Structures are given as C-alpha cells and as structure tokens.
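Novice: Below is one structure. I have some questions about it.
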Amino acid sequence: MTKPDSNPELDSETVSKWLESHPDFFLNHAELMSALVWPDETATPAGATSMMEFQSRRLKSELSKLREQLQTLTLVAKDNEGLMLRLHLMTLSLMVQPAPQDFVLALFSTLREQFGADVIALHLLNPADSLDELESVFLWSAQDLSWTSPIDGLQTPQCGRFTQQKLNSLFPEATLKIQSAAMVPMAGIGLLAIGSTDQAKFQPQMGTLFLELLATTIVHCLSANQSPTDERN
C-alpha cells in the first residue's frame, strides 16, 4: 500500500473508499491495529480502545435505532388499524340510512364525534332537494371554488394549510379559526371539506387512503339514496 505522504492525491476519502473495497485488509496486516486510534465516548486517558469494543458499541447503537424505528412503525400500524376499524363501522352505519338527509346528518355527526372534525362542508354538484335546508351543505359554486382543479380531474385528497381566501370558499359558514384542512374530491358528486383548529391535524405528507375510502362511501350512498324526484334539472 502506497504511503499517503508519497502520493499527494491519496486523501482520507480515497483511503476510506479503498478500505471499504478491501474489508480483509487488516486481517493480513494485523500489526497496524496497535497503531490505530478508535473513537471512544468513554476513552481512557490514553484514548485507546480495541476494534472489537468499537464495533460492539456501534452495533449496539444501530440496534437501538432499529428498535426505536420498529416501535414507531408498530404504533403507526396500531393507529392505522384503529382508523380502518372506525371507518368500517362508520361505513356500515351510514349505508343503512334511508334518505339522503339522514345519511348526511349521520356522516357529519360521525366525523365530528369519531374523527375529531371541527368544521365540515359538503359541496355538491347536484344536491337532492331534501338537502337544501341542511347546515354545511352547499350547491357547488364554480366561481368560489375556481381555484380547485376540475371536479372530474381532482382524484386525490389534498391536505394541509390553505390561504384564508381558500378556507372561506371551502367553509363559507365557519365561525372557528381553521388552521388545517382536508379537501376530498368525490367523482361526479362534489367535494367534502374537513377543517380543524389544529394546524398539525392535516399535513401535506399524510396518507390519504382513509379519505379516499370515505369519498367512495359517500359517492355510493348519495348515488344510491338519490331518487329521480330529488334530482335537479
């Protein structure tokens, strides 16, 4: 092996890459082990420790990190399992509602009580006449919601913090200070908006599977419950 001082291009990065590609180097040059200094958080005054001790500490540190990651994944899995169970129970309870107004009232109640929604708004392209008097149900306004994608092209829920102007269009009658929201498109039906006073409730990077399944349930139930006499021309 060329000595570092005889080759000006032989820097620490080059040495590191070379050793990485030759992991058995110290097996054939054991005499160099005594000349190396190993990192040690609890070093002796001489600052010396064995390679085995160093590797042992490193492995313990990596194992601790893996355990923390596993614990986090386990907690997330439990939360998701609980969320899916609540969604399943909600779907079953909503699908037995006999009329559109009963379905919407049950939907709003469940979202508030079981899922912590502070504000809810349902914007429908063609709402049934029976929904006219319900609070938080609105006829789709192309002018107020012009900032959204076309309803048939918006396939994925959007979550996060919106400007005040956008929040006003999503929640026209809101009296609470909304800090974050979820915008859930429903193909051929309209848009569901869920608002929270907690800015961390809805984040752009959060998973949207639950909201997508919720949208599918709403589309199915409103389409099934809407009778020909309820449809608007």
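Please treat every number below as a calculation from the coordinates, not as lab data. Predicted model only: the values in this text are computed from it and were never measured. Using ideal geometry, Cβ is built from the backbone for each residue, glycine included, and neighbour counts are taken over all protein chains shown.
Novice: With the crude spin-label approximation of a point 7 Å out along Cα→Cβ, what separation in nm comes out for F25 versus S146?
Specialist: A separation of 6.7 nm, rounded to one decimal place.
Novice: First select every other residue whose beta carbon is under 11 angstrom from the beta carbon of K60; then total the charges, Lys and Arg +1, Asp and Glu -1.
Specialist: +2
Novice: Once you order the gyration tensor axes a ≥ b ≥ c over the Cα atoms, which shape class does region 98-228 get: rounded for a/c under 1.5, otherwise prolate or oblate by comparing a/b with b/c?
Specialist: rounded
Novice: Taking the highest mean first, how do the peptides 64-73, 203-212 order by number of other beta carbon atoms within 10 angstrom per residue?
Specialist: 203-212, 64-73
Novice: By count of other Cβ within 10 Å, fewest leading, how are W140, W18 ordered?
Specialist: Ascending number of Cβ neighbours within 10 Å: W18, W140.
Novice: A99 to T175: FRET efficiency via 1/(1 + (r/R0)^6), r the Cβ-Cβ distance, R0 25 Å, to the nearest 0.05?
Specialist: Calculated value: 0.35.
Novice: Let me know the charge dipole size of region 98-228 about its Cα centre in debye, to the nearest 20, where only the beta-carbon of Lys, Arg (+1) and Asp, Glu (-1) is charged.
Specialist: Around 480 debye, computed over region 98-228.
Novice: Moving on. Could you please rank H220, H29, placing first whichever residue has the fewest other Cβ atoms within 10 Å of its Cβ?
Specialist: So the residues, fewest neighbours to most, are H29, H220.
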